[in-house]
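Down below is the structure, laid out as structure tokens.
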Amino acid sequence: MTRDTTACRDTAKRMVAPGKGILAADESIGTMSSRLEKNGVEATEENRRAYRELLAATPDLSDGASGIIFCDETLNQSFADGTPFPKAVHALGILPGIKVDTGAKPCPGLPGEKVTEGLDGLADRLAEYAENGAAFAKWRAVFTITDQTPSRGAIRANTNALARYAAACQEAGLVPIVEPEVLMDGDHAIDRCAEVTAMVHAALREELALLNVDLAGIVLKPNMIIEGDDHEVHANAEQVAEATVTVLRDWPDELGGVTFLSGGQSPERATANLEAIARQDAPWPLTFSFGRALVDPALKAWHGEPDLVEAGQNALSDRVKANAAAVRGDLVTAE
Ligand code: 5MM
């Protein structure tokens, strides 16, 4: 199959349109179920569906969100009125995306490290997702910082898989969101996060180049450069922004765009850091593709009550508006 470079480039541009970000609502069934239960909601298929409909149907969501990432279960579900999610979301002016990895699993040969799986049968699944209306895809690899990790083996295995996924997506006409997440777990300082993230990105660029991935037709979803969550000193937003963009500057100008994950930061800190990042000089669009930092307040406000759907939507709307304002430069935040 040949690549339709133009279509992927156009979609990537829509995904990182000025003032818009991407909502990550692609928790796997296991993760979503435990988040529902933590909020006192029974983890049924219908509750997972109702929650995703609450998010997607938030009034005026498309003002600040260009796309929503779903998992396989949601993409095959429908709104309460019977409209399949991809069609309903397109009609709301939002691009539907699909998480296509099958999760980070223990990596054979590398105790304590993980490799993301999902390459088997991927081309067929991508064709089906495209047929069902998906415009883009997502694959997340995770890297844990310790004194010994991430190892070269884990970096190579995960970046190679990310590149194979990205190439397969472009052949299927779907924009790959390429997510190499260096986790915040640990007590490391911000410099160590910068060092590891730079190493992972360098390996990723090499693997993407070897598979002829068109960088203008991908969206990179990196972690911000930030200290480990057990580190005693919290970097301020300016320090995070400068360190983050310094690492990213090794990416060529043609890169389609950069959409940050929130990684477990509080919603407020993620927005403050994003706002400072957006003020940096950069050749590619910089925006957000947060999961928890967008949806946690919505889930708390709704907690499964049909009467509180509007409260949940208002909570999501507040976060999306704040982050959209942050990337537009309209928000002045203080941590
Ligand atoms: C929404 O969570 C996504 C993955 O969930 P699973 O681990 O259950 O597969 C995750 O990939 C998410 O899209 C990104 O990590 C960004 O989310 P955060 O919460 O880090 O912004």
For this session: Could you run through the stretch 37-64 and say how many residues are closer than 19 Å to Ala80 by Cα, not basic (Lys, Arg) and not in a loop (DSSP other than H, G, I, E, B)?
Result: 10
Problem set entry | Selected residue (only one of Gly67, Gly133 is at pLDDT 95 or above, surrounded by fewer than 23 Cβ atoms within 10 Å (Cβ to Cβ) and closer than 26 Å to Val258 by Cα) | Gly133
Exercise. Of everything in the stretch 110-130 that's in a helix (DSSP H, G or I) and of a type outside the set (Gly, Ala, Ser), which residue is surrounded by the fewest Cβ atoms within 10 Å (Cβ to Cβ)?
Worked result: Asp124
For this session: Take Phe70 and decide whether it is of a type in the set (Phe, Trp, Tyr), in contact with an Asp or Glu (Cβ under 9 Å, 6 or more places away or on another chain), in contact (Cβ under 8 Å) with a residue 12 or more places away in the chain and more than 16 Å from the ligand (Cβ to nearest atom).
Result: no
For this session: Among the residues of the stretch 38-55, write down those that are more than 14 Å from the ligand (Cβ to nearest atom) and either within 20 Å of Ala315 (Cβ to Cβ) or in contact with a His (Cβ under 7 Å, 6 or more places away or on another chain) (or both).
Result: Asn39, Gly40, Val41, Asn47, Arg49, Ala50, Glu53, Leu54
Exercise. So is Glu242 surrounded by fewer than 18 Cβ atoms within 10 Å (Cβ to Cβ), on the phi < 0 side of the Ramachandran plot and away from the ligand (no atom under 16 Å from the Cβ) or not?
Worked result: yes
Exercise. So is Ala216 at pLDDT 95 or above, of a type in the set (A, V, I, L, M) and farther than 19 Å from Leu23 by Cα or not?
Worked result: yes
Exercise. Is there a residue in the stretch 283-302 that is more than 16 Å from the ligand (Cβ to nearest atom), over 22 Å from Arg249 (Cβ atoms), of a type outside the set (Asp, Glu) and in a helix (DSSP H, G or I)?
Worked result: yes
Exercise. Applying the selection to the stretch 256-282, what residues are more than 16 Å from the ligand (Cβ to nearest atom) and within 16 Å of the chain's Cα centre (by Cα)?
Worked result: Gly256
Exercise. Of all residues in the stretch 221-259, which are closer than 15 Å to Ala194 by Cβ and not in a loop (DSSP other than H, G, I, E, B)?
Worked result: Glu238, Gln239, Val240, Ala241, Glu242, Ala243, Thr244, Val245, Thr246, Val247, Leu248
Problem set entry | Hits in the stretch 1-32 - residues which are near the ligand (Cβ under 10 Å from one of its atoms) and part of a helix (DSSP H, G or I) | Ile29, Gly30, Thr31, Met32
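So that you can scan it fast, the table gives a plain yes or no per residue for (1) farther than 30 Å from Gly121 by Cβ; (2) under 16 Å from the mean Cα position of the chain (by Cα); (3) crowded, with 19+ Cβ neighbours inside 10 Å; (4) more than 16 Å from the ligand (Cβ to nearest atom):
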position: Asp147; (1), (2), (3), (4): yes, no, no, yes
position: Asn158; (1), (2), (3), (4): no, no, yes, no
position: Ala161; (1), (2), (3), (4): no, no, yes, no
position: Ala166; (1), (2), (3), (4): no, yes, yes, no
position: Glu171; (1), (2), (3), (4): no, no, no, yes
position: Val178; (1), (2), (3), (4): no, yes, yes, no
position: Val196; (1), (2), (3), (4): yes, no, yes, yes
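The values are calculated or read from the model by the stated rules, or taken from the named source; none is laboratory data. Keep in mind that this is a model prediction, so the values were computed, not measured. Reconstructed Cβ throughout: ideal geometry from the backbone, glycine too, with neighbour counts over all protein chains shown.
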